[in-house]
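Pasting a structure here, questions to come.
Just so you know, all these numbers are worked out from the coordinates, no wet-lab data involved. Just so we're clear, the structure is a prediction, and the values are computed from it rather than from any experiment. Ideal geometry is used to build each Cβ from the backbone, glycine not excepted, and the neighbour counts take in all protein chains shown.
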Amino acid sequence: MYIRAASNISPQNTFGNQPFLQDLAEYNGDRLSCIEPDYKALIDPKLIRRMSRIIKMGVAAGMDCLHQAGIQIPDAIITGTAYGCLEDTNTFLGKMVQQNEEALAPTAFIQSTHNTISAQIALLLQCHQYNNTFVNGGASFENALLDAMMLLYEGEASNVLVGGIDEITANSHAILKRTGLYRRQPVSNFELLNTPGKGTMAGEGSAFFILSKEASGADWAKIDGVSSFYKPRNTAEIKQQISIFLQSQNTNIHEIDLVITGNNGDLKNDAVYGQLQQYDFANVPAINYKALCGEYPTSSAFAMWLAAHEIKNGTCSFVPESEEIPLKKVLIYNHYQNIHHSLILLSAC
């Protein structure tokens, strides 16, 4: 699959024609919130009033992606989300309790379903093509990618709009913090990985991509393969899965120019990355991305945007100039709470 265009709304200045991660945003606390653009340039102001925050982020990123690619209506729209529209769900449930389940306004309920974002994009475009949303926790975005791959390989579509999106709200953050997922004490996202401990920083984001089976000559990067696996028993099984994946792509680890890992500052979850970087990835330049976007189930969409952007530029922005290397192949390895593990291999076109 070729990435023809990509758009990303995140806690960094990644949307629009901003210089690529030139001015990094620092956050102190236990969460990173998206820097939202002016939606009026992409969405009818009359419709914005009815949209919750996550719907606006999803629609804006999706529409901007289509605009970049010069495509009016895609052949398919596929999204991945673990949490869905939390704000609308909370609003609906709150009013249901307050009003004793009587005289409820339907808008919050209609917009609380997980497929609202892909459906809203389709409604605005009058797109009656294939439309699907994957809700599989930490594997949601990867499953959306695999679905897009099958559509393209089977000739059912020429171009597919694929996105990964999740939001964090005050209520969801409080609930997840009780489970120990987030830090109890405030920390800077820039110091997150330098001060490992229990928990990490919450994040959110909306990243969309136009994928095509045919090269256009102006593509960002090429997706060679996607793989995910569930609850590996130990590190040995993870190494085996990585080896099998690379073999299936006729690639070995020495051909990888950059590894992007999902370290998030949590001692328990980062142990896997530490072992791999000490042995398997020891001689491969590696960077971490969650200090930029925080931890959330579909954060691998941010990682893929980052990898595609780096490949498009031809060099790694996070490696000092004296050590710059041309990027031909980038491997993304991420796991969410050591349950859902994923591998995405990208290469230059």
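Counting other beta carbons within 10 Å of each residue's own, what order do PHE190, PHE209 fall into, fewest first?
Values: PHE190 14, PHE209 32.
Ordered by Cβ neighbours within 10 Å, fewest first: PHE190, PHE209.
Further question on the same structure: In the Gaussian network model of the chain, springs joining C-alpha atoms below 10 Å, which of ALA207, ALA308, ALA174 carries the largest mean-square fluctuation?
Evaluated over the chain, the most mobile residue of the options is ALA174.
If you don't mind, there's one more thing I want to ask. Extending each Cα 7 Å along its Cβ direction at GLN72 and ARG184, get the distance between those two points in nm, one decimal.
About 5.9 nm, to one decimal.
Taking 7 Å along the Cα-to-C-beta vector as the label spot, tell me the ASN13-LYS40 distance in nanometres, rounded to one decimal.
Modelled inter-label distance: 2.1 nm.
Estimate the FRET efficiency between GLN278 and ASN194 by the formula 1/(1 + (r/R0)^6), using the beta-carbon distance for r and 25 Å for R0, to the nearest 0.05.
Result of the calculation: an efficiency of 0.90.
Express the relative contact order of the chain as a whole percentage, based on alpha carbon pairs under 8 Å and six or more residues apart in sequence.
Values: 743 pairs, mean separation 82.2, N = 349.
Taking the mean separation of contacting Cα pairs over the length of the chain, I get 24 percent.
Have a look at GLN249, TYR153, PRO186 and report the one farthest towards the positive end of the charge dipole of the chain, computed about the Cα centre with Cβ charges (Lys/Arg +1, Asp/Glu -1).
Farthest along the dipole direction, towards plus: PRO186.
Ordered by packing density, taken as the mean number of other Cβ atoms within 10 Å over each peptide's residues, highest first, how do 212-225, 48-61, 91-104, 116-129 rank?
In descending order of packing, they fall as 48-61, 116-129, 212-225, 91-104.
Can you tell me what share of the DSSP beta bridges in the chain is antiparallel? A percent to the nearest 5 is fine.
Antiparallel bridges: around 65 percent, rounded to the nearest 5.
Which residue fluctuates most in the GNM of the chain (Cα springs below 10 Å): PRO297, PRO74, PRO232?
Judging by the Gaussian network model, the answer is PRO232.
Okay, moving on. Would you work out the charge dipole size for the stretch 2-212 about its Cα centre, treating the Cβ of every Lys and Arg as +1 and the Cβ of every Asp and Glu as -1, and quote it to the nearest 20 debye?
Once rounded to the nearest 20, the dipole reads 500 debye.
Follow-up. Taking R0 as 30 Å, what's the FRET efficiency between GLN99 and ALA170 from their Cβ-Cβ distance, rounded to 0.05?
With R0 = 30 Å, the Cβ-Cβ based efficiency is 0.90.
Find how much the distance from ASN234 to CYS349 grows on full extension, using 0.36 nm per residue of separation minus their present alpha carbon separation; answer in nm with one decimal.
The span from ASN234 to CYS349 would gain 37.9 nm if fully extended.
Counting only helical runs of four or more DSSP H residues, what would the 222 nm mean residue ellipticity of the chain come to if each run contributes -39,500 (n - 2.57) and the total is spread over all its residues?
The helix-only estimate for the chain comes to -10000 deg cm²/dmol at 222 nm.
Among rounded, prolate and oblate, which fits the stretch 256-314 when a ≥ b ≥ c are the square roots of the eigenvalues of its C-alpha gyration tensor, a/c under 1.5 means rounded, and a/b larger than b/c means prolate?
Working: a/c = 2.72, a/b = 1.13, b/c = 2.41.
Oblate.
Rounded to whole Hz and in sequence order, give me ³J(HN,Hα) for the stretch 226-238 from the Karplus expression 6.51 cos²θ - 1.76 cosθ + 1.60, θ = phi - 60°, writing x for Gly and Pro.
So the J values, rounded to whole Hz, are 9, 8, 9, 9, 10, 6, x, 6, 7, 5, 4, 5, 5.
Using a 10 angstrom cutoff on alpha carbons, build the Gaussian network for the chain and name the most mobile of GLY80, GLY314, GLY164.
Answer for the Gaussian network model of the chain: GLY314.
Which far-off residues, 5 or more places away or on another chain, put their amide H under 5 Å from the one on SER188, with H placed in the peptide plane?
GLY29
Right, here's the next one. Could you list log10 I(q)/I(0) for the chain at q = 0.06, 0.14, 0.16 Å⁻¹, which the Debye formula gives when each Cα is one point scatterer?
At q = 0.06, 0.14, 0.16 Å⁻¹ the computed log10 ratios are -0.20, -1.16, -1.52.
Let me ask you something else. Return the subset of LYS268/LYS329; LYS213/LYS328; LYS268/LYS328; LYS268/LYS290; LYS177/LYS290 for which the Cα-Cα distance in this structure is over 21 Å, preserving the input order.
Correct reply: LYS268/LYS329; LYS268/LYS328.
Over the Cα atoms, compute the radius of gyration (one decimal) and Dmax (the largest Cα-Cα distance, rounded to a whole number) for the stretch 221-347, in Å.
Using the Cα atoms of the stretch 221-347, the pair Rg, Dmax is 13.5, 40 Å.
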